[in-house]
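Every read-out reported here was derived from the displayed coordinates using simple, explicitly stated rules and does not represent laboratory data. Source: prediction; values computed, not measured. Cβ placement follows ideal geometry from the backbone for every residue including glycine, while neighbour counts extend to all protein chains displayed.
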Amino acid sequence: MSAHQGDAASSRLDRWLDTLGLTSLNDDKPRVGVSACLMGRLVRYNGEAKRHGTVADVLPRWLHCIEYCPEVAIGLPVPRPPVDIIATDDAGQQIRNRDGLVADITDALHTYADDLCGHDTHSRKASQLDGMILKARSPSCGLGNTPLLDEAGQQIGVTDGGFAGRLKTRWPTMPMVHEEQLARAVDVEAFVLSVCVYRQQRRWGNNGANDAWNREMRERIMALPLTTLRTRLLLQLEQ
Ligand code: SF4
C-alpha cells in the first residue's frame with residue numbers, strides 16, 4: 001500500500017471505527033503479535049529482515065505491535081542454517097535442516113506457541129493478544145502457504161509453519177493474517193476492524209452484556225458500505 005493509499009485508508013478506517021464505536025485511545029490500542037522480521041528486525045536465518053511497509057509503518061497507527069521471532073526465541077542463533085518442513089513416512093512433519101545442521105524444532109516451536117497462548121497457566125503472557133500478523137511461507141510463521149517438502153527437497157504441498165499452526169489450534173477465533181493478505185487498503189481495514197471486534201468480545205466475555213453488545217454491533221456492522229467487509233465482521237462476531 002502506497003503512502004497515498006495509506007492516507008486514504010486511514011481516514012476511511014477512522015470513520016468506520018467510529019461507526020462501530022470501536023475507536024481506541026492511544027494508550028489502549030489492541031495488542032497484535034507480529035513476526036519480528038516484518039518490522040525490520042535482522043532475525044532471519046540469513047541475518048536479514050523482511051521489512052513490510054504496511055505492517056511496520058501504517059498499522060501501528062491503530063494497533064500496538066508486539067514483535068516475536070519464534071526461531072530466535074527457542075534459542076537458534078542469527079544467522080543460522082535455514083530449516084524446511086519435511087513430510088515424514090508416518091504422515092507427520094518435521095521442521096529441520098535437510099542437511100542435518102539443525103535438528104527437528106517442531107516441539108520447541110509448539111511449546112513456545114503454547115506459552116504465548118497461556119496454555120501454561122503460569123505464563124505471564126496469557127491471552128494478552130488480539131491478533132497476529134505472520135510472515136508468509138516461513139517454516140515457523142507461515143499461515144497455510146509454507147512449502148511442504150519430501151526428503152529429496154521436492155515440494156509436495158503447502159502447510160502451516162510450526163509456530164503459526166499451533167497458534168491457530170490454540171487460538172482459533174483470533175484474527176490472523178500473513179503480510180500478503182494486507183496488499184489492499186480494504187484488507188488492512190478489514191483486519192484492523194476484525195481485531196477491534198475480537199478485542200471487545202474478549203473484554204466482554206460470555207455474559208448478558210455481551211449479548212446486548214453483539215446485537216448492537218451487528219446493527220452497526222450492517223451500516224458499513226462494503227458487503228465483503230460486513231460479511232467478514234459478522235463472521236468474526238459469531239466466533
Ligand atoms: S519468519 Fe518468523 S521465525 Fe522467521 S525470521 Fe521472521 S519472525 Fe523469525
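Compute the distance in nm between two label points, each set 7 Å from the Cα along the Cα-to-Cβ direction, one at D28 and one at D150.
Modelled inter-label distance: 5.7 nm.
What is the gain in length, in nm to one decimal, between T169 and D89 on full extension, counting 0.36 nm per residue of separation less the C-alpha to C-alpha distance? Walk me through the numbers before you get to the answer.
Working: separation 80, 0.36 × 80 = 28.80 nm, distance 2.34 nm.
Once the chain is fully extended between T169 and D89, it gains 26.5 nm.
To the nearest 20 Debye, how big is the dipole of the chain about its Cα centre, given +1 on the beta carbon of each Lys and Arg and -1 on that of each Asp and Glu? If you can, show how the numbers build up before the last one.
Values: 28 positive and 30 negative charges, 139 e Å.
Computed charge dipole of the chain: roughly 660 debye.
May I have the extent of the alpha carbons of the chain along their three principal axes, as whole Å values ordered from largest to smallest?
Sorted from largest, the Cα extents of the chain read 55, 42, 33 Å.
Could you compute the FRET efficiency for R215 and Q128, with r as their C-beta to C-beta distance and R0 at 25 Å, rounded to 0.05? Walk me through the numbers before you get to the answer.
On the way: r = 28 Å, r/R0 = 1.10.
It comes to 0.35.
Counting GluC sites (Glu not before Pro) as exposed when in a DSSP loop with at most 16 other beta carbons within 10 Å, what is the longest stretch of the chain free of them?
After excluding every exposed loop site, the longest remaining stretch is 49-150.
Please arrange S24, S140 by how many other C-beta atoms lie within 10 Å of their C-beta, fewest to most.
Ranking S24, S140 by Cβ neighbours within 10 Å, fewest first, gives S24, S140.
Report relative contact order for the chain in percent, whole number only (criteria: Cα-Cα under 8 Å, sequence separation at least 6).
Contact order relative to length: 18 percent.
Collect residues whose amide H, placed 1.01 Å from N in the peptide plane, falls under 5 Å from the amide H of G131; neighbours closer than 5 in sequence don't count.
Result for G131 returns G33.
Where is the GNM fluctuation largest for the chain (alpha-carbon springs, 10 angstrom cutoff): D130, D84, D99?
Evaluated over the chain, the most mobile residue of the options is D99.
Give the long-range amide H neighbours of E67: residues separated by 5 or more places, or on another chain, with amide H under 5 Å away, using H modelled in the peptide plane at 1.01 Å from N.
Sorted by chain and number, the residues that satisfy this are V34.
Would you pull out the residues with amide H under 5 Å of A136's amide H, same chain only if 5 or more places away, H placed 1.01 Å from N?
Answer set, sorted by chain and number: E179, E180.
Give me the one-decimal nm value for the distance between modelled label points at A183 and T231, 7 Å along each residue's Cα-to-Cβ direction.
A separation of 1.9 nm, rounded to one decimal place.
Looking at the chain as a GNM with Cα springs under 10 Å, which of G142, G53, G205 has the largest mean-square fluctuation?
Top of the fluctuation ranking is G205.
Treat each spin label as a single point 7 Å out from the Cα along the C-beta direction, and report the R202 to D14 distance in nm.
2.5 nm
Among L182, G144, S24, which residue has its Cα furthest toward the positive end of the charge dipole of the chain, with +1 on Lys/Arg Cβ and -1 on Asp/Glu Cβ?
Sorting the options by dipole projection puts first S24.
I'd like the Karplus ³J(HN,Hα) series for the stretch 182-195: coefficients 6.51, -1.76, 1.60, θ = phi - 60°, whole numbers in Hz, and an x wherever there's a Gly or Pro.
Once θ is set to phi - 60°, the couplings for the stretch 182-195 become 10, 6, 10, 4, 5, 5, 5, 4, 5, 5, 4, 5, 4, 4 Hz.
Taking Cα pairs under 8 Å and at least six residues apart, what relative contact order does the stretch 45-156 come out at, in percent? If you can, show how the numbers build up before the last one.
Numbers: 126 pairs, mean separation 23.9, N = 112.
For the stretch 45-156, the relative contact order is 21 percent.
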